[in-house]
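Worksheet: one structure, shown below.
The values are calculated or read from the model by the stated rules, or taken from the named source; none is laboratory data. Since the structure is predicted, the reported quantities are computational estimates derived from the model, not experimental observations. Virtual Cβ from ideal backbone geometry, glycine too; neighbours counted across all protein chains shown. Accessible surface is based on the protein model in full, side chains and every heavy atom, while ligands, DNA and RNA are left aside. Shrake-Rupley method; radii C 1.70, N 1.55, O 1.52, S 1.80 Å.
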Amino acid sequence: MKKTSLFLLGIIIGAFATYFFCPRQVDTHVEKIVKPKGVINQETAKELNANWTLHRKQAVDSAAQKQGIKKDDRSVWWSLEDVENYLAYAKNQADSLGYDMNGIRVYLGVYGKNAGQAKKDLTTMFLVPTGKISKSQASSIILSFSDSDLPIDPLNDGQGGSEGYPQ
C-alpha cells in the first residue's frame, strides 16, 4: 500500500511538473487574407501595358525627346517598407487632423528643372491619402461624401523605370 501511494504521489507530482514546466502551444492568431477588389491577372496587366505602349508611348517619347530625354520613366518602384511606413504615417496624420483615411490616389507628375540632372523633366508618380472628415468632426462642418485628397504630405521619390511590364 505504501509503494502504491508513493507511486500515485509520483504520478501527481510528475503531472504538475509537466503542466508547469513543459512548453504550451501558443495560440497563434491567423490573419485572414482577403483578395482586394481590382486585382487583375498578369495577362491583363500585360495587355494594359501593351495598350499604353500602343496609344501613349509615341506621344510621351516625342515630348521627352523635345526635352532632351532619351527614355522617360513609365513606372515607379517603392520598397515594401517605405509603403507600409507611409501608410502608417498617413493614417496617423489623418487621425490627428480629424479625417478617416480610406484610400490612396496615385498622381502622375514631372520633375522640374530644379530636380537635379538625373531626374530633370522625368515622369514621376506620387501617392496621396484620400478620405473624409471623421464623423466626430463632421457635426460642425458640411459633410463631404466624396473621397477627397487629404492635406497630408504625399509619398514620392520612388525609383523610376523606363521598361514596360513585367520588368
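A few remarks follow.
- Multiplying the residue separation of residue 77 and residue 35 by 0.36 nm and subtracting their alpha-carbon distance yields 13.0 nm.
- The residues of the chain have, on average, 81 Å² of accessible surface per residue, using a 1.4 Å probe with all protein chains present.
- Its Cα centre serving as origin, the chain has a Cβ charge dipole (Lys and Arg +1, Asp and Glu -1) of approximately 400 debye.
- Our coupling estimate for region 91-108, obtained by passing each phi through the Karplus curve with A = 6.51, B = -1.76, C = 1.60 and θ = phi - 60°, is 4, 5, 4, 4, 4, 5, 8, x, 10, 9, 6, 10, x, 9, 10, 9, 10, 8 Hz, Gly and Pro reported as x.
- Residues whose amide H falls under 5 Å from that of residue 110, counting only those 5 or more places apart or on a different chain, are 124, with hydrogens built in the peptide plane.
- For residue 28 and residue 84, the difference between the fully extended length at 0.36 nm per residue and the C-alpha to C-alpha distance is 17.9 nm.
- Counted charge near residue 159, where neighbours are those whose Cβ lies closer than 13 Å (Asp, Glu -1; Lys, Arg +1): -2
- Listed values for region 153-167 are Karplus-derived 3J(HN,Hα) couplings in whole Hz (6.51 cos²θ - 1.76 cosθ + 1.60, θ = phi - 60°), namely 4, x, 9, 9, 6, x, 8, x, x, 9, 9, x, 7, x, 9, and x replaces Gly and Pro.
- Taking the chain as a Gaussian network of alpha-carbon nodes connected by springs under 10 Å, the highest mean-square fluctuation of the residues 18, 124, 53 belongs to 18.
- Pairs from the table (70/113; 66/119; 37/57) lying more than 19 angstrom apart at Cα are 37/57.
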